[in-house]
Structure formats: structure tokens, C-alpha cells
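Structure first, commentary second.
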Amino acid sequence: MNQSEFIDPFNKARIEKGFGEMDDQNDPVVMLLRHKDVRKAAHDWKTFSSNAVPGRIVVPSEVNIRDTRQIPFEVDPPMHGDYRKILAPWFKRPLEDNYQKRLEKIIREALKETFIKPSTEVISEFALPIQSRALTLLLNVPYSEAKKWILWGTHVFRSEGEALDKDKASILYDYIDEEIDKAIANPSNDLYSMLLATEINGEKLTKEEIKGIIILTFAGGRDTVINAITNTIAYFAEHPSSLAMLKENPEIINNAVEELVRYFSPLTHMGREVTKNTTACEHAIKADTRVSLCWAAANRDENVFEDANTVKLDRKLNPHVGFGFSHHNCLGATHARQILRTLLKVLIAENVFIKIENSEENIEELGDFKRKVGFNKLHVQFRK
Ligand code: HEM
């Protein structure tokens, strides 16, 4: 009964020093671990900038595999705000009735497929299909596109090793180039066409800008959503009474989703480039080096969260930073929340019983820290 227990590896360092250190491809990173420091740095974009060379604020760094700037993620205010203004209404569409109905159908069907199998590998046979099919709704493209994305597998953007793999990344980049060209030739009502028709300060977005937005939409919402779904399934397999409790108290489903995002923190951390000599936790940080905002460590800060290492699905005050904080807070959060809420509703409605058969943990190596972020494999039985 411990597959869904995610131990906090940052506890000692967070209490004793407030920061950790790791090397990433010979470019060191100082990890900020306390909730207040993470929020302060996320807000202070003038000192902790996202506007580095493309790929540098990501850990592990992607500078060797891409030149395209991901937008709005690798842009600082005020330009960042211009991009967010055009993207915000589109990324709120998951709140629409029709979107929610279609999402529920996707999740119900994925679950139905599991009932007829003796065993389901959750990542490849449940989470990835749901994530991919749901993404067709967010991009407003034909449902059939999801087939291609499912065939890419889980590691299209990520290699097993330290550095990222350029060949794998180019599958996605070439695909996006082609899709933008198709939308130029045949405009429709998908995200590509909306962006092609958009102007900022009287100027059309360039193809490179559009590519940067779409890459991020694919990459930002892939592993994160897959881990969130998979970890949630592991949790309810080991805590069936919590599912029963949610059935009795459906009004706390939204709290439950926030708590699962806090506890599992599907995105461990994200970097920033330091623009001037500064300090954090009395530690000197030099200009041009990198820090990371460790959402996962901040989300277990006992100064903010009572019983931080316990999942309390009805937690009321929950200022977690699982979706980031301040300017760059997650643009896909409405979509991700809607997926998780719907997943819980469907699990409850179908009275699902989940049994874990075996699993293989996915451990991130972050210098001295080893963090479980999810699973490489999770075999379960889904039964009604
Ligand atoms: C930003 C987490 C799902 C798109 C972020 C940030 C975090 C995060 C922590 C802040 C990054 C920073 O400050 O540098 C998550 C988690 C998710 C999730 C935990 C799932 C449970 C998604 C989805 C999409 C998405 C589904 C889109 C399909 C983005 C974008 C940004 C972002 C575009 C950048 C926003 C900006 O720079 O203004 N996400 N994300 N995310 N996320 Fe997500």
C-alpha cells in the first residue's frame, strides 16, 4: 500500500537551507525550495527572467535541441502579457458545456475499454489516449489526429538519458510545421487558424511565433497530464474509501483535484535565468546563472500546508503552486483541471474498483535529490 505514496525528498534541505543545488549539462541550477521564496521569485521576473536563449530555463536544458522560443513561457512582461491576452479566451474554452460533454465521453470510453481487458497498463492504454484525445478539443482539430499522437508514445519529447534527443523532438516540430502550412492553405476554426488571423499591436504573428505557441501546448500538457491521471489512478486503487467518500460528497471534487495536484506536483520545477547578482535564502546567486522554482518542494512546505505529506482531499485552504504562480501560471490549467474533475466524476459514477498488479516508478535525479514524479509502467485491473 505505498505505490501512491510520493515521499518528499526536499524536506531536510528546505528546512535547513531553503535551497538545493544540482548540475544540468554543466550549467548548475540553484533550486528554491520554500513556498514563499518560490512565489517571490516567480513574481520577480526582472531578477529571475524567463527570457533566456530558447530552452535554457527548462531543466534539463533544451538549448541543444531547439532554437524555437516557446511562447508565452519564454517571454517576460510586458510582451508576455500581450501573448496571454490573445491566448487566455481560447484556453478558457474547457469551461464550455459542449467541451465538457465531449471530454466526459472521451474519459467514459477510455474507461469502458479497460473493463474488457484482463489488465491495463495505465500510462499507454489509459492516460496517454485520454491526454491525446482531450488535446484535440483544446486545439479544436479532428478527433482522428489523436491516433497519430498516441502512436508517438510517451517519450516523443523526452529521452531516457540526461540530455534530450534532437531526433525525437523533430517529430513534433516537423508535424507542427506541416499543420501550420495546412492551416495557411485551408483556414478553419482550429487554434492554428485563430493564431494565423491574430494581430498583436497591429502586426500578424509570425510562423515562428505560432510554432512556439503550439509546441508549448503539446509539450506542456503531455507528461504533466499523463502523470496526473496515472498517479490519481494509483491513489484511488490504494484508497477506495476515498472514492466512496467523494461519491457521498461530490461538492469536494474540486478540492480533491487541487489536493492531488499539490501532492503529486506533476511538474517538479522550472528554471529562470538570473539577470543580476542577488541572494536567495542568504545564498549568493550570480548574474547569468540559473535558479529553479521547485513547485514540488514548495507544495510540501509545512509552514504553509498542515500535514503537508498527507493527501487530504477536502483540504480547504490550498495555495499550492502545482500550476505555477504569477505571470506564467499554467495556461492549460483549466483544461487539466477539467480532465481531472471529469475523471473523478466518471470513476465515481461507474463505481470503479482498481487493483494494482505491478508498477515501475519514474524517478527524477536532481543532484542529491531523487524524486518520484510518476510511473514508467503501472499495470492495474479496472473492474465495476
Ligand atoms: C505553465 C504545470 C497542464 C500549458 C505551467 C507552469 C506550471 C505548469 C508549474 C508554470 C511554469 C513557469 O512558471 O515557468 C502544469 C501541470 C499540468 C499542466 C501540473 C497538469 C496537471 C498543462 C496543459 C497545457 C499547459 C494541459 C496545455 C495544453 C502551459 C503553458 C504554460 C504553462 C502554455 C506557460 C504559461 C506562461 O508562460 O504564461 N504549467 N501544467 N499546461 N503550462 Fe502547464
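The values are calculated or read from the model by the stated rules, or taken from the named source; none is laboratory data. Computed from a prediction, not measured in an experiment: that's the story for all the values here. Methodologically, a virtual Cβ is constructed for each residue, glycine included, from the backbone with ideal geometry; neighbour enumeration extends over all protein chains shown. Heavy atoms of the whole protein, side chains included, go into the accessibility calculation; ligands, DNA and RNA do not. Shrake-Rupley method; radii C 1.70, N 1.55, O 1.52, S 1.80 Å.
Say whether the condition of being surrounded by fewer than 22 Cβ atoms within 10 Å (Cβ to Cβ), within 27 Å of Asp82 (Cβ to Cβ) and within 16 Å of the ligand (Cβ to nearest atom) is met by at least one residue in the range 250-258.
no
Pick from Ser119, Ser124: which is among the small types (Gly, Ala, Ser), open to solvent by less than 50 Å² (accessible area, probe 1.4 Å) and touching a strand residue (DSSP E or B) at 6+ places or on another chain (Cβ under 9 Å)?
Values: Ser124 fails: open to solvent by less than 50 Å² (accessible area, probe 1.4 Å).
Exactly one of Ser119, Ser124 is among the small types (Gly, Ala, Ser), open to solvent by less than 50 Å² (accessible area, probe 1.4 Å) and touching a strand residue (DSSP E or B) at 6+ places or on another chain (Cβ under 9 Å), namely Ser119.
With respect to Leu347, is the statement that it is away from the ligand (no atom under 12 Å from the Cβ), among the hydrophobic types (A, V, I, L, M, F, W, C) and in a loop (DSSP other than H, G, I, E, B) true? First the steps, then the outcome.
Numbers: away from the ligand (no atom under 12 Å from the Cβ): yes; among the hydrophobic types (A, V, I, L, M, F, W, C): yes; in a loop (DSSP other than H, G, I, E, B): no.
Spelling it out, it is not the case that Leu347 is away from the ligand (no atom under 12 Å from the Cβ), among the hydrophobic types (A, V, I, L, M, F, W, C) and in a loop (DSSP other than H, G, I, E, B).
Given the conditions (1) open to solvent by 70 Å² or more (accessible area, probe 1.4 Å); (2) under 27 Å from Thr334 (Cα atoms); (3) in contact with a helix residue (DSSP H, G or I) (Cβ under 7 Å, 6 or more places away or on another chain), which single one is not true for Glu208?
(3)
Checking the structure you have, find out if any residue of the range 348-356 is among the basic types (Lys, Arg), farther than 17 Å from Ala127 by Cα, over 21 Å from the mean Cα position of the chain (by Cα) and surrounded by fewer than 21 Cβ atoms within 10 Å (Cβ to Cβ).
First, the residues of the range 348-356 that are among the basic types (Lys, Arg): 355.
From what's left, farther than 17 Å from Ala127 by Cα: none.
The answer is no, given that none of the residues of the range 348-356 is among the basic types (Lys, Arg), farther than 17 Å from Ala127 by Cα, over 21 Å from the mean Cα position of the chain (by Cα) and surrounded by fewer than 21 Cβ atoms within 10 Å (Cβ to Cβ).
Give just the number: which of (1) within 16 Å of the ligand (Cβ to nearest atom); (2) open to solvent by 10 Å² or more (accessible area, probe 1.4 Å) does Arg315 not satisfy?
Result: Arg315 passes all but (1).
Every residue, every condition in (1) in a helix (DSSP H, G or I); (2) free of Cβ contacts under 8 Å to residues at least 12 places away in the same chain, yes or no:
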site	(1), (2)
Asp82	yes, no
Leu87	yes, no
Lys101	yes, yes
Lys112	yes, yes
Gln131	yes, no
Leu135	yes, no
Pro142	no, yes
Thr154	no, no
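Return a yes/no flag: does the range 332-352 have any residue that is of a type outside the set (Val, Ile, Thr), touching a Phe, Trp or Tyr at 6+ places or on another chain (Cβ under 6 Å) and under 23 Å from Pro72 (Cα atoms). Can you show your working first?
In the first step, residues of the range 332-352 are kept if they are of a type outside the set (Val, Ile, Thr); the result is 332-333, 335-338, 340-341, 343-345, 347, 349-351.
Filter once more, keeping what is touching a Phe, Trp or Tyr at 6+ places or on another chain (Cβ under 6 Å): 333.
Applying the additional criterion that residues be under 23 Å from Pro72 (Cα atoms) yields 333.
So far as the range 332-352 goes, yes, one or more of its residues are of a type outside the set (Val, Ile, Thr), touching a Phe, Trp or Tyr at 6+ places or on another chain (Cβ under 6 Å) and under 23 Å from Pro72 (Cα atoms).
Any residue at all in the range 282-291 that is more than 27 Å from Arg66 (Cβ to Cβ), open to solvent by 10 Å² or more (accessible area, probe 1.4 Å) and hydrophobic (A, V, I, L, M, F, W, C)? So that I can check it myself, show each step before the final result.
Within the range 282-291, the first condition is being more than 27 Å from Arg66 (Cβ to Cβ), and the residues that meet it are 282-284.
Next, from what is left, pick out any that are open to solvent by 10 Å² or more (accessible area, probe 1.4 Å): 282-284.
Next cut, hydrophobic (A, V, I, L, M, F, W, C) only: 284.
Scanning the range 282-291, I find at least one residue that is more than 27 Å from Arg66 (Cβ to Cβ), open to solvent by 10 Å² or more (accessible area, probe 1.4 Å) and hydrophobic (A, V, I, L, M, F, W, C), so the answer is yes.
Might you let me know whether the range 90-99 holds any residue that is open to solvent by less than 80 Å² (accessible area, probe 1.4 Å) and among the aliphatic types (A, V, I, L, M)? It would help to see each step written out before you state the result.
At the first step, the residues of the range 90-99 found to be open to solvent by less than 80 Å² (accessible area, probe 1.4 Å) are 90-91, 93-94, 99.
Remaining after also requiring among the aliphatic types (A, V, I, L, M): none.
Looking for residues that are open to solvent by less than 80 Å² (accessible area, probe 1.4 Å) and among the aliphatic types (A, V, I, L, M), one finds none in the range 90-99, hence no.
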